[in-house]
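No value in this document is a laboratory result; all are computed from the given coordinates. All values derive from a computational prediction rather than experimental measurement. Neighbour counts are summed over all protein chains in view; Cβ atoms, including those assigned to glycine, are modelled from backbone coordinates with ideal geometry.
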Amino acid sequence: MPPKTSGKAIASMVTGLVGLLTICCGFFVVTSIVGLVLGFLARKEIRASNGQLKGDGMALTGIITGIVGILMVIVTIVLVATGAIDTNFEYSSN
């Protein structure tokens, strides 16, 4: 029987990518964290399956995109806190 793809690996990749694609929405940090955690759990599960599960690349994608998403949140917070990014979106006709 061929190895099955780990559901956690698929979920990790999807949530990690959704986290990157929804940067403007504000809740992407949650999906990035979920992608990161599921990625580590999936890789552990795949290693323990003795070849019965596959999807290590998907899990790694979830880990990487989760880390990138979290780093983007941290950088954004620092830039807003230092005033490098203005969050006042008022329109001025001057």
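Straight-line cross-link reach from residue 44 at under 17 Å between alpha-carbon atoms covers these aspartates and glutamates, not counting any fewer than eight positions away in the same chain: 56. At q = 0.11, 0.23, 0.24 Å⁻¹ the log10 of I(q)/I(0) for the chain amounts to -0.40, -0.98, -1.02, computed by Debye summation with a single uniform scatterer per C-alpha, solvent ignored.
Think of segment 4-82 as a dipole: +1 on every Lys or Arg Cβ, -1 on every Asp or Glu Cβ, centred on the Cα centre; then among 29, 60, 70, 60 lies furthest on the positive end. Evaluated with a Cβ-only charge set (Lys, Arg +1; Asp, Glu -1), the chain carries a dipole of roughly 620 debye about its Cα centre, given to the nearest 20.
Please sort by residue number the chymotrypsin sites (Phe, Trp or Tyr not before Pro) in segment 40-94 whose DSSP state is loop and whose Cβ has at most 15 other Cβ atoms within 10 Å.
On the way: sites: 40, 89, 91; in loops: 89, 91.
Counting only loop positions with at most 15 other Cβ atoms within 10 Å, the chymotrypsin sites (Phe, Trp or Tyr not before Pro) in segment 40-94 are 89, 91.
Take every Cα pair under 8 Å whose residues are at least 6 apart in sequence, average their separation, divide by the length of segment 32-94, and the relative contact order is 36 percent.
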